[in-house]
Amino acid sequence: MEGESRYFLGIDLGSSYTKFVVVNKAGVMQYQSVVPTLSRNKDSFNSRYQFIRDTYAIRRCCTTGYGRDSFPGDLKKTELICASVGVSSLYPEKKNILDIGGEDIKIIESEACGQVTGFHMNDKCSAGTGTFITEIAEKAELEIREMSELAERSTTNRIMNSFCTVFAKTEILSWKFDNVSIEDISRGIYLSIVNRITKLPLKIQYPVYLCGGVIEYHPFLISLLGTELGVSVRATPDPQFMVALGAAILAGKHT
């Protein structure tokens with residue numbers, strides 16, 4: 001065990017995946033890992049957690065995400081606060097943070113120090129979230145990991161108009177009957193997400209940083225959003241782990 005130093009653990013128990021991040025006392029990431037959340041078999045979570053405990057001298061643990069109350073950590077923080085702290089540790093400036101997760105979209109107005117000064121959550125509908133993409137891609141017979149590359153090869157401006165997952169599946173079926181290419185279908189799905197995001201209250205006078213699992217697997221969304229918004233849009237490093245990183249940093253600050 002690396003017991004000579006102090007380490008802090010952040011666990012982001014999301015709707016689809018659970019992310020682990022370990023940082024040292026300087027708040028620098030030392031370890032990251034992800035396991036599925038929605039599984040009756042808890043062995044993956046337990047074995048990963050035990051590995052971390054066996055490898056690092058964890059002094060304090062902070063949990064966040066939908067399942068933060070299901071795990072007995074030392075402290076609990078909301079995803080909004082953890083995302084702001086995590087992203088601000090890398091980008092200490094006034095900014096927007098756009099966190100596209102499995103079940104919701106969060107817009108966070110963040111100060112350079114990581115303080116949250118405003119936020120908006122699209123949590124009443126799954127449109128534009130990871131779950132939405134997964135279900136629509138399955139109906140379109142698209143591989144999730146191939147979508148970004150496929151969409152980049154398309155020049156269409158054809159957009160999927162349905163925000164509701166049920167109606168969107170019907171619309172995709174119509175596209176398939178019309179022999180729309182998988183490249184155009186992929187881009188059309190992304191354009192629908194971009195259209196959804198641009199209707200949210202985003203203060204475009206500040207730079208936009210993207211995090212969350214969706215950006216991890218769909219990088220072409222970055223360029224589409226930047227073009228549509230007309231502002232600087234960047235993905236953070238390891239976007240899926242930014243919330244867990246913030247949780248780990250907060251664990252280190254509460255000693």
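The values are calculated or read from the model by the stated rules, or taken from the named source; none is laboratory data. Please read these numbers as outputs of a predicted model, since none were measured by experiment. Here the Cβ is made from the backbone with ideal geometry for all residues, glycine too, and neighbour counts use every protein chain on show.
Looking at (1) more than 14 Å from the chain's Cα centre (by Cα); (2) closer than 20 Å to LEU13 by Cβ, which is the only condition ILE108 fails?
That leaves (1) as the condition not met.
Can you give me the ranges of the helices (runs of 4 or more DSSP H) entirely in the range 189-255 with at least 3 residues that are surrounded by fewer than 20 Cβ atoms within 10 Å (Cβ to Cβ) and either in the same structural domain as GLU138 (by TED's automatic domain parsing) or aliphatic (A, V, I, L, M) (or both)?
Once the helices (runs of 4 or more DSSP H) in the range 189-255 are filtered for at least 3 residues that are surrounded by fewer than 20 Cβ atoms within 10 Å (Cβ to Cβ) and either in the same structural domain as GLU138 (by TED's automatic domain parsing) or aliphatic (A, V, I, L, M) (or both), what remains is 220-229.
At pLDDT below 85, outside the structural domain of THR129 (by TED's automatic domain parsing), farther than 20 Å from GLY130 by Cβ and among the charged types (D, E, K, R) - does that describe any residue in the range 47-68?
Initial filter on the range 47-68 (at pLDDT below 85): none.
No, the range 47-68 contains no residue that is at pLDDT below 85, outside the structural domain of THR129 (by TED's automatic domain parsing), farther than 20 Å from GLY130 by Cβ and among the charged types (D, E, K, R).
Are any residues in the range 146-168 in a loop (DSSP other than H, G, I, E, B) and under 19 Å from PHE220 (Cβ atoms), and if so, which ones?
Those that are in a loop (DSSP other than H, G, I, E, B) and under 19 Å from PHE220 (Cβ atoms): ARG153, SER154, THR155, THR156, ASN157, ARG158, ILE159, MET160.
Out of ILE159, ILE133, I need the residue that is within 30 Å of THR63 (Cα to Cα), at pLDDT below 90 and hydrophobic (A, V, I, L, M, F, W, C). Which one?
Going through ILE159, ILE133 in turn, the sole match is ILE133.
Could you please give the count of residues in the range 11-44 that are in contact with a Ser or Thr (Cβ under 8 Å, 6 or more places away or on another chain) and either modelled with pLDDT under 90 or of a type in the set (D, E, K, R) (or both)?
So the count comes out to 10.
When you scan the range 184-191, do you find a residue that is small (Gly, Ala, Ser), free of Cβ contacts under 8 Å to residues at least 60 places away in the same chain and within 24 Å of VAL35 (Cβ to Cβ), even just one?
Checked against the condition, which is being small (Gly, Ala, Ser), free of Cβ contacts under 8 Å to residues at least 60 places away in the same chain and within 24 Å of VAL35 (Cβ to Cβ), the range 184-191 yields no hits at all.
Of the conditions (1) assigned by TED's automatic domain parsing to the domain that holds THR117; (2) surrounded by 23 or more Cβ atoms within 10 Å (Cβ to Cβ), ALA168 fails just one. Which one is it?
Unmet for ALA168, out of (1) assigned by TED's automatic domain parsing to the domain that holds THR117; (2) surrounded by 23 or more Cβ atoms within 10 Å (Cβ to Cβ): (2).
Do the conditions hold for VAL180, that is, is it of a type in the set (A, V, I, L, M), on the phi < 0 side of the Ramachandran plot and buried (at least 18 other Cβ atoms within 10 Å of the Cβ)?
no
Of the numbered conditions (1) among the aliphatic types (A, V, I, L, M); (2) at pLDDT 90 or above; (3) more than 15 Å from GLY213 (Cα to Cα), MET1 satisfies every one except a single condition; which is it?
So MET1 meets the others, but not (2).
Need the failing condition index for PRO239 against (1) at positive phi; (2) modelled with pLDDT of 90 or more, just the number.
Single failed check for PRO239: (1).
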